[in-house]
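Before any comments, here is the structure.
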Amino acid sequence: MGKKSAKDKNTKDGALWSQEPWQALRAGTLGPIAEFDPDRTPGFDGDREDGEKLLAQYGEELSDLQEMLFAQGRSGGTRSVLLVLQGMDTAGKGGIVRHVGGLLDPQGLAITGFGKPTPEELAHDFLWRIHKALPRAGRIGVFDRSHYEDVLPVRVHGLVPESVWSQRYDLINEFEAELTAAGTTVIKCALVVSKDEQKTRLAERLDRPDKFWKYNPGDVDERAYWDDYLDAYQAIFDTTDTDHAPWFVIPANRKWFSRLAVARLLLQTLRGLDLSWPPADFDVAAEKQRLAASD
């Protein structure tokens with residue numbers, strides 16, 4: 001049997017989606033984040049078993065499309081993709097990196113985690129370290145946290161004056177507009193876990209020696225700022241959810257769904273680029289003759 005066409009694949013995997021994540025999870029259409037239900041699976045009519053099977057099926061097409069993107073980058077193309085992952089502690093950003101990023105070829109994937117800024121980074125503009133980590137042409141970049149840290153914990157904890165962080169929304173919009181104009185497609189995903197589910201996941205880390213390394217005592221302290229973080233997230237959705245760099249709110253209480261939804265967004269993004277293999281920059285017939293005549 002030959003390979004299925006993109007149309008065939010769309011029909012098969014789309015059967016379980018009553019509404020694409022592009023519509024079902026777009027931040028600007030969901031209402032207040034404080035009322036969002038992280039247990040839901042918006043737009044998806046299947047169960048966990050369906051979701052896990054579908055995620056595995058996405059792997060082959062994601063790999064093919066990624067290779068086309070990479071080949072174009074090696075042949076003078078300028079396009080790239082940036083997947084931004086934000087979320088409170090335990091929301092599953094690392095799981096997305098492993099389970100969705102794991103479907104891709106590492107040579108065309110650039111993963112960057114942004115923690116507390118170093119003294120060198122603090123000596124520069126807040127976007128300085130972001131510019132350094134942007135994916136090159138032909139690559140898919142994944143940011144585990146991002147420039148939005150400078151309007152999330154920075155805002156919640158008053159690490160800089162409001163007169164400083166309040167101006168960053170416009171700077172971020174300008175930055176992302178320039179980025180997309182230069183050929184990078186930006187997908188921004190906010191993984192939302194409930195406060196009760198976060199408590200359960202933190203408790204699991206304390207019960208399992210293989211999870212101790214993931215536990216941070218500061219995570220418990222951050223729970224006291226839960227509502228402040230929701231306000232901060234609402235502000236970024238209200239000000240930076242743009243058509244050229246959209247925000248998607250991913251329900252994260254069900255890990256299988258959050259991974260599936262992000263993979264689907266990435267797959268649809270790559271499909272939308274209408275990728276193709278770059279043409280040969282040499283005479284194919286002549287090279288076949290040379291190869292046949294070689295020892």
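The values are calculated or read from the model by the stated rules, or taken from the named source; none is laboratory data. These figures come from a predicted structure and were not determined experimentally. Positions of Cβ are backbone-derived with ideal geometry, glycine not excepted, and every protein chain shown enters the neighbour counts. Accessible surface areas use protein heavy atoms only, side chains included; no ligands, DNA or RNA. Shrake-Rupley method; radii C 1.70, N 1.55, O 1.52, S 1.80 Å.
Computed values, structure above
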item	result
Amide proton proximity set for V186, modelled H, under 5 Å, gap of 5+	L82
By accessible area with a 1.4 Å probe, ligands and nucleic acids excluded, highest first: order of K53, K211, K288	K288, K53, K211
Under-5 Å amide H pairs with V100, H placed in peptide plane, nonlocal only	none
For the chain, with +1 on Lys and Arg beta carbons and -1 on Asp and Glu, the positive-most of W165, L83, A232 along the dipole	L83
Inter-probe distance in nm under a simple model that places probes 7 Å from Cα toward Cβ, at S163 and H244	3.0
Calculated FRET efficiency for the pair K53/L273, C-beta based, R₀ 41 Å, to 0.05	0.95
Lys/Arg +1, Asp/Glu -1 at C-beta; the chain dipole; positive extreme among A280, C189, L266	A280
Mean accessible surface per residue for the chain, computed with a 1.4 Å probe while every protein chain stays in place, in Å²	52
For V142, residues with placed amide H under 5 Å, excluding near neighbours	L83, A110, I111, T112
Of V84, V193, V154, the one that fluctuates the most in a GNM where the chain has Cα springs shorter than 10 Å	V154
³J(HN,Hα), Karplus 6.51/-1.76/1.60, whole Hz, each residue of the range 87-96, x for Gly, Pro	x, 5, 4, 6, 5, x, 4, x, x, 5
Only Lys, Arg (+1) and Asp, Glu (-1) charged, at Cβ; the chain dipole about Cα centre in debye	780
For K199, solvent-accessible area (1.4 Å; no DNA, RNA or ligand), Å²	130
Dipole magnitude of the range 240-287, debye to nearest 20 (Cβ charges: Lys/Arg +1, Asp/Glu -1, about Cα centre)	700
Surface share of carbon and sulfur [accessible, 1.4 angstrom probe, percent] for the range 158-251	51
Nearest-0.05 FRET efficiency for T78 and D295, computed from C-beta distance (R0 45 Å)	0.65
Max mean-square fluctuation residue, GNM over the chain, Cα-Cα springs under 10 Å, options D221, D39, D105	D221
Ratio of Rg to Rh over the range 104-165 (Cα coordinates, Kirkwood Rh, two decimals)	1.05
